[in-house]
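These notes concern the structure reproduced below.
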Amino acid sequence: MNQQALLIAGGEVVSTIKNSIIEPSLINNTDTFIWLMMAALLGAPVSTTHAIVGGVLGAGIAAGGPGIANWPVLGEIAASWIISPLLGGLIAAAFLYLIKHTITYREDMLQAAAKVVPLLIFLMTWVFSTYLLMKGLKNIWNLDITTAGSIGLAAAICVYLVVKPRITKAAQQMDQSKDSINTLFTVPLIFSAALLSFAHGANDVANAVGPLAAINDAIFSGGVGTKASIPVWVMLVGAIGISTGLALYGPKLIRTVGSDITELDKMRAFCIAMSAAVTVIFAS
């Protein structure tokens, strides 16, 4: 999912890293600009967002002075580092509060779940579809938020009509227990995890290949440009890189986040994944 997200919706983030943190036109030497972006890439192994933004900013100031920095854009990025965790926590708390008061605190939990779980899937489909239409198809079909939201709403209604009877039937065959309710959250959790992976691919992975796109522009154009197209191969490098990293080094981190930080059941995991996805999509 990360690969598709980077190719479909990551272009804008790549462009921001490449062109908006510093003013490329103020660097007259192409070699200096290439080394600047190489220095930013060397800082990537910890947090791509913090390291890449800081690397581009630091190397840019070293090459062209403080005036090269685009401080308003940097202010927005820095603000998101504070706002995003707070927003994610609030959204996760809101989702969990909703689930508890509409499902687990009810006398007939299964009947309540049969009504609420399809609505949660409906919400996920609406958010995902709207985002995909606005970001992923931007270069083909430029939609405003009202049109994209309307089409996404239609897709969400179709999905709701498909999953509603299935979840109702599954609930009728279960007993009144929290374990049964958790079982009903398996499908929403898978969808929310996929949505989160898409959001991550459109944001963090795009951050990492931003300097590479800038280096590619500088080499093939023979100068430092402020606007240029982002080649598909640059996006593919990030997509292949995250897939390889996930396969080789991802399991340990997955276990740490999934079980070692706090005890999670499927309902809590769903709230976390959905809130993180909504937050990252909003920030992207």
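The values are calculated or read from the model by the stated rules, or taken from the named source; none is laboratory data. Note that this is a predicted model, so its numbers are computed, not measured. Every residue, glycine as well, gets a Cβ built from its backbone with ideal geometry; the counts of neighbours run over all protein chains shown. Surface areas here come from the heavy atoms of the whole protein model, side chains and all, with no ligands, DNA or RNA. Shrake-Rupley method; radii C 1.70, N 1.55, O 1.52, S 1.80 Å.
Figures for the structure shown
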| read-out | value |
| --- | --- |
| Pairwise label distance in nanometres, ILE83 with ALA62, each label 7 Å out on the Cα-Cβ vector | 3.1 nm |
| Shape of region 62-170, Cα gyration tensor, a/c cut at 1.5 | oblate |
| Region 53-124, Cα convex hull volume normalised per residue, Å³ | 98 Å³ |
| Which listed pairs, of LYS164/LYS252; LYS169/LYS252; LYS100/LYS252; LYS100/LYS169, have C-alpha distances above 25 Å, in listed order | LYS164/LYS252; LYS169/LYS252; LYS100/LYS252 |
| Extreme residue, positive dipole direction of region 49-169, given options ALA78, TYR131, ILE167 (C-beta unit charges) | ILE167 |
| Carbon/sulfur fraction of accessible area - region 48-114, other protein chains in place, 1.4 Å, % | 70 percent |
| Accessible surface of ASP144 - all protein chains present, 1.4 Å probe, nearest 10 Å² | 80 Å² |
| Virtual spin-label span in nm between ASP31 and VAL162, 7 Å along Cα→Cβ | 5.7 nm |
| Shape call, region 85-126: gyration tensor on alpha carbons, a/c limit 1.5 | oblate |
| Accessible surface of PHE191 - all protein chains present, 1.4 Å probe, nearest 10 Å² | 110 Å² |
